[in-house]
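The values are calculated or read from the model by the stated rules, or taken from the named source; none is laboratory data. Everything numeric here is computed off the predicted structure, so don't read it as measured data. Every residue, glycine among them, receives a Cβ derived from its backbone with ideal geometry; neighbour counts consider all protein chains shown. Protein only, heavy atoms only, side chains kept; ligands, DNA and RNA dropped before computing areas. Shrake-Rupley method; radii C 1.70, N 1.55, O 1.52, S 1.80 Å.
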Amino acid sequence: MNHPPYIHVAVSLLAAPFLFGVINKVKAAFAGRKGPPLLQLYYDIVKLMRKSAVYSRTTTEIFRLSPLVSVAVGVLAVMTVPLGQKESLISFHGDIFFLAYLFGMARFTTVLAAMDTGSAFEGMGASREVQFSMLAEPALLVGLAALSLLTGESSVAGILSALRSGVDSASGHVVLPICVASLFIVLLAENARIPVDDPNTHLELTMIHEVMVLDHGGMDLGFIHYGAALKLWVFSSIIAGLLVPVKTSAPFTGVLLVWAALLLVTVSVGVVESTMARLRMLRVPQLLTGATILSLVALIIAMR
């Protein structure tokens with residue numbers, strides 16, 4: 001049965017927080033613990049949405065606008081990235097750049113909100129966020145450009161659809177795994193995961209993303225958590241589409257393959273966080289530079 005794209009957008013919007021539950025379960029299994037429920041983030045978001053936010057007298061409307069922008073960007077990004085073999089709700093030539101700069105806009109407003117508090121602590125986190133994002137964005141853009149050159153498409157939906165139709169060139173079998181590795185590193189960096197950042201840390205000298213949202217509470221913090229879940233879903237969906245470039249006529253086989261790939265990406269994040277320590281701040285730029293080099297290698301191979 002061919003469902004319209006908005007059905008899959010609705011499924012993505014509802015299922016996005018579930019990925020965090022999978023990651024936490026994997027980390028708990030490695031630690032020998034039971035861990036929180038798979039739906040814990042849903043409970044947290046509902047609890048936060050029932051609370052009112054408290055604002056400092058030093059903040060302006062920028063501080064209140066930032067959480068809403070995070071959610072709006074996440075929703076637009078979900079509309080741009082197709083789930084499995086279905087078409088995306090928003091698709092046009094060059095939307096790979098639209099997707100990248102959507103998240104850039106969300107980061108920009110988050111940094112502005114952190115600086116709007118007038119806290120030197122949050123300003124430190126904002127400075128680190130800008131530095132690392134400056135290194136992660138080239139890896140993302142060059143990686144998407146390599147996939148665009150490989151498939152001859154300039155939209156996310158077009159790239160994934162072309163890959164499902166099959167890539168006959170020998171270079172395609174090399175470009176795909178390289179891009180998956182590069183984009184997975186970008187996923188870890190963009191979503192504040194180990195080894196780049198630790199979403200559970202409370203050490204002042206090592207916090208990056210979490211320090212920027214310390215002054216948010218209540219409904220605003222719920223929006224931030226949900227926006228982060230949507231962002232993780234979008235990056236995981238892109239990588240899942242690269243891992244399963246298979247076109248099948250069976251209605252449920254394609255869905256099962258994509259969900260299996262999504263879970264594989266999510267479990268991989270949990271495994272990385274359970275088996276690796278957080279990198280020193282001086283080592284993070286080296287990791288992100290390595291991701292950019294991988295994307296450049298993929299681009300060069302795709303050009304041949």
Mind grabbing the accessible area of HIS209 for me, 1.4 Å probe, Å², rounded to tens?
-> 50 Å²
Other-chain or far-sequence residues with amide H under 5 Å of GLY217's (modelled H) | VAL54
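So, with a 1.4 angstrom probe, what is the percent of accessible area on segment 125-180 that is carbon and sulfur?
Working: 1220 of 2060 Å².
The C+S portion of the solvent-accessible surface of segment 125-180 is 59 percent.
For segment 3-48, with all protein chains present and a 1.4 Å probe, just round the carbon and sulfur fraction of the accessible area to a whole percent.
72 percent
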Whole-Hz ³J(HN,Hα) from phi, Karplus 6.51 cos²θ - 1.76 cosθ + 1.60, for segment 69-77, glycine and proline x = 5, 4, 5, 4, 5, x, 5, 5, 5
Probe 1.4 Å, all chains present, heavy atoms only: TRP233 accessible area in Å², nearest 10, is 10 Å²
Going residue by residue through segment 280-294, the Karplus relation 6.51 cos²θ - 1.76 cosθ + 1.60 with θ = phi - 60° gives ³J(HN,Hα) values, rounded to whole Hz and with x marking Gly or Pro, of 5, 4, 6, 8, 4, x, 5, 5, 5, 5, x, 5, 5, 4, 4
Find how many whole Å separate the alpha carbon centroid of segment 1-55 from the alpha carbon centroid of segment 73-120.
-> 19 Å
Partners for LYS27 among aspartates and glutamates (Cα-Cα distance below 14 Å; same-chain residues under 8 apart left out) = ASP198, GLU273
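Please give the contour-minus-distance gain from ILE62 to ILE7: 0.36 nm per residue of separation, less the Cα-Cα distance, rounded to one decimal in nm. List each step's numbers first, then the result.
Details: separation 55, 0.36 × 55 = 19.80 nm, distance 3.30 nm.
In short, 16.5 nm is gained.
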Compute the acute angle (0 to 90°) between the alpha-carbon long axis of helix 219-243 and the principal axis of greatest extent of the alpha-carbon atoms of the chain; round to the nearest 10°.
-> 20 degrees
accessible surface per residue for the chain, probe 1.4 Å, DNA/RNA/ligands not counted, whole Å² -> 46 Å²
Would you calculate the separation in nanometres between label points at PHE98 and GLN131, each defined as 7 Å from the Cα along the Cα-to-beta-carbon direction?
-> 3.5 nm
Helix 251-275 sits at what angle to the longest principal axis of the chain, using alpha carbons and giving 0 to 90 degrees rounded to 10?
-> 50 degrees
Sites GLN40 and TRP259, calculated FRET efficiency, Cβ-Cβ separation with R0 22 Å, nearest 0.05 | 0.65
In degrees, nearest ten, helix 172-190 long axis to first principal axis of the chain (Cα) | 10 degrees
